[in-house]
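The values are calculated or read from the model by the stated rules, or taken from the named source; none is laboratory data. Quick caveat, the model's predicted, so the values are computed rather than measured. Neighbour counts run over all protein chains shown; Cβ positions are idealised from the backbone, glycine included.
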Amino acid sequence: MTAIPYVLLQSVLVPALGGAVSFALGGRLGRRVGWIGFASVLYPVLLFLAVGSGLYSGGAPVSESYAWAPAAGLAFGFLADGLSLPVALVISLVCAAIAVHSMPYMKQRIEALYGAEKKQPYGTYYLNFLLVVAGLLGVVLATNLIELYLFVELILIPTFFILALFGYVQRGRVATMYFLWNQLGAFVFLAGVLLAFSATGSFAISSLSGLATGSSLPYWVFFLIMLGWFIKMGVFGVHMWLPTAEAEPPSSFAPIMATVVGVGNYAVARLLVQNMPAIFHSFSIPFMFMALLTMSFGGAMALVQTDVKYLFAWSTMSQNAYSLLGIGSLTVLGVSGGVFYFLSHVLGKCILFSVAGILLARTGTRDMKRMGGLAGKMPLTATLALIGGLILSAVPPTSGFQAEWIMFAGIFYQGAYGATVNLAIAFLGIVATAFTVAYVFWPIRRIFFGPLPSHLESVTEAPLTMTLPLLALAAVAVVVGIYPDLFTKMLIGFANSLPLKGGV
């Protein structure tokens, strides 16, 4: 147990307070206010490392509870265990890197939108950025369903303002579409929460495990919670908002958008796998089928894109479904590998979306047909694109390789000992991974190799404030790929504590 007082509360409050300070000082500091944003997220990183060292050494999970509305059965609580701690750590690492990366990128974007003399928009951007960070960490650490819903809403509102104020094509329409779809997902999730409360009398996440299976009510609770998060993750059939909302925010924020979408994998593992595993078994095959369909459709759509940001937006839809496929297997390796794959995807997609932003900032275009031969002009950016591609394509020694084989080991375990349809889904899932290799590496070849177009002769490498944070994330992905026990010890330990198949 860590000796730091209120360690988890601090990790959520500090980014929110940093956002308020950034807004207050934005007009004076301009883009340099980004360093306040970086410090506000680096602090939770250090807190999570301190907590994680205790958990990794076999210490007990860290929990905190605060009085909220006792008469209504509400307590504002946080929990860092083998599931939430790795997720919170990776999210905060990515957000810290993007806080620095955003400074030069947003300088160009704000000057294009509001003029070089305007400084307050920097404060507005970092206020909303840091509120999203606080919301993400709150979702991961929350122990109460209403608390979780409020943090989901905390993510939604500042994301809307970033899309509306700093986005690209039809940013007002895109922001509204994002808000309406995600509000719908949140309302469906809330309906499931209230239905569960009617049966248990408690809003604690752990109370979901007390739902009796002798009636249809627990199945409706499960379905509503699952559907709410499917909407927020852009699963096939409710995905219409996702590609545009992922492709049209400022490119420095697009990696955070991918994280916002992907955190649904954590929510499914926490709410449904941990607390409703018996009911999940009844939904396992349709759940995995939807994941497979989303993987394939998103991958196929990514293959036909010529806009580099839309390519990575469609790939986000596909990649998140990989994790859902593993989680839906309800095996120890499938669930832990699925969450691990989500974390690896966040690292890789952060690098690739940021590379797309660098390309837009340096070349003035997102159209891959107008690019080529940029490796000679931008060798560091080309290296980052290659590393990001290796992570997403699960090539050793990156984290993607370790996560994917662990996940598919669990998926195939279920296939081998389950119904024939389970084995068919496992084989089709492996086949669908070919999409990733195709939609990651052909754009890299198209953008960075071949002849250099004449209009790109003057292109130069991006500043170090844009590339060094991405190199740090690449280093993390390689270290975890070489020594996956840094994550798997906690994730597999968590999965082993649940009534799942294939215990390790």
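The rows are residues; the columns are (1) closer than 21 Å to V132 by Cβ; (2) of a type in the set (D, E); (3) touching a helix residue (DSSP H, G or I) at 6+ places or on another chain (Cβ under 8 Å); (4) at pLDDT 95 or above.
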{"site": "L29", "(1), (2), (3), (4)": "yes, no, yes, no"}
{"site": "I36", "(1), (2), (3), (4)": "yes, no, yes, yes"}
{"site": "Y43", "(1), (2), (3), (4)": "yes, no, yes, yes"}
{"site": "G58", "(1), (2), (3), (4)": "no, no, no, no"}
{"site": "Y66", "(1), (2), (3), (4)": "no, no, yes, no"}
{"site": "L74", "(1), (2), (3), (4)": "no, no, yes, no"}
{"site": "G82", "(1), (2), (3), (4)": "no, no, yes, yes"}
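Determine which member of the set S336, S323, S329 is crowded, with 24+ Cβ neighbours inside 10 Å, touching a Gly at 6+ places or on another chain (Cβ under 7 Å) and within 24 Å of G138 (Cβ to Cβ).
Only one candidate qualifies: S323.
From G338, G357, G364, which residue is without any contact (Cβ under 8 Å) to a residue 12 or more places away in the chain and out of contact with any Cys (no Cβ under 8 Å at 6 or more places or on another chain)?
Result of the check over G338, G357, G364: G364.
Just the residues that are in contact (Cβ under 8 Å) with a residue 40 or more places away in the chain and of a type in the set (A, V, I, L, M, F, W, C), please, taken from segment 413-425.
If the condition is that a residue be in contact (Cβ under 8 Å) with a residue 40 or more places away in the chain and of a type in the set (A, V, I, L, M, F, W, C), then A419, V421, I425 are the ones that fit.
Given the criteria within 30 Å of A39 (Cβ to Cβ), modelled with pLDDT under 95 and surrounded by fewer than 23 Cβ atoms within 10 Å (Cβ to Cβ), does Y149 qualify?
Here the answer is no, as Y149 does not meet what is asked.
Whether any residue in segment 458-472 is of a type in the set (A, V, I, L, M), under 23 Å from S53 (Cβ atoms) and in contact (Cβ under 8 Å) with a residue 12 or more places away in the chain is what I want to check.
yes
Please work out which one of (1) over 16 Å from K232 (Cβ atoms); (2) in a helix (DSSP H, G or I) is the condition V132 fails and give its number.
(1)
Mind checking which residues of segment 106-147 are among the hydroxyl-bearing types (S, T, Y) and under 15 Å from L165 (Cβ atoms)?
Those that are among the hydroxyl-bearing types (S, T, Y) and under 15 Å from L165 (Cβ atoms): Y114, Y122, T124, Y125, Y126.
Sort through L452, L486, L491 and tell me the only one that's over 30 Å from F287 (Cα atoms) and either of a type in the set (A, V, I, L, M, F, W, C) or assigned to a helix (DSSP H, G or I) (or both).
Of the residues listed, the single one that is over 30 Å from F287 (Cα atoms) and either of a type in the set (A, V, I, L, M, F, W, C) or assigned to a helix (DSSP H, G or I) (or both) is L452.
Please go through segment 83-112 and pick out each residue that is under 19 Å from V263 (Cβ atoms) and in contact with a Lys or Arg (Cβ under 8 Å, 6 or more places away or on another chain).
L83, S84
Considering only residues of segment 494-504 that are outside any helix (DSSP H, G or I) and out of contact with any strand residue (DSSP E or B) (no Cβ under 8 Å at 6 or more places or on another chain), which is nearest to A60 (Cα to Cα)?
Result: S497.
If you scan segment 414-437, which residues turn out to be outside any helix (DSSP H, G or I) and closer than 18 Å to V332 by Cβ?
The one that is outside any helix (DSSP H, G or I) and closer than 18 Å to V332 by Cβ: G418.
What number of residues within segment 210-256 satisfy the criterion of being farther than 29 Å from S344 by Cα and part of a helix (DSSP H, G or I)?
Selection size over segment 210-256: 6.
Can you pull out the residues in segment 476-489 that are among the hydrophobic types (A, V, I, L, M, F, W, C) and surrounded by fewer than 21 Cβ atoms within 10 Å (Cβ to Cβ)?
V476, V478, V479, I482, L486
Restricted to segment 430-475, and to residues that are crowded, with 16+ Cβ neighbours inside 10 Å and modelled with pLDDT under 90, which residue is farthest from G400 (Cα to Cα)?
Top of the filtered list is P443.
Considering only residues that are part of a helix (DSSP H, G or I) and more than 24 Å from the chain's Cα centre (by Cα), which ones fall in segment 23-66?
F23, A24, L25, G26, G27, R28, L29, G30, R31, R32, V33, G54 - these are the residues of segment 23-66 that are part of a helix (DSSP H, G or I) and more than 24 Å from the chain's Cα centre (by Cα).
Considering (1) under 30 Å from K489 (Cα atoms); (2) in contact (Cβ under 8 Å) with a residue 12 or more places away in the chain; (3) not β-branched (V, I, T), say which one G58 fails and leave the rest.
(2)
Output the number of the condition that F76 fails; it satisfies all remaining conditions of (1) part of a helix (DSSP H, G or I); (2) surrounded by fewer than 21 Cβ atoms within 10 Å (Cβ to Cβ); (3) touching a residue at least 40 places away in the same chain (Cβ under 8 Å).
Unmet for F76, out of (1) part of a helix (DSSP H, G or I); (2) surrounded by fewer than 21 Cβ atoms within 10 Å (Cβ to Cβ); (3) touching a residue at least 40 places away in the same chain (Cβ under 8 Å): (1).
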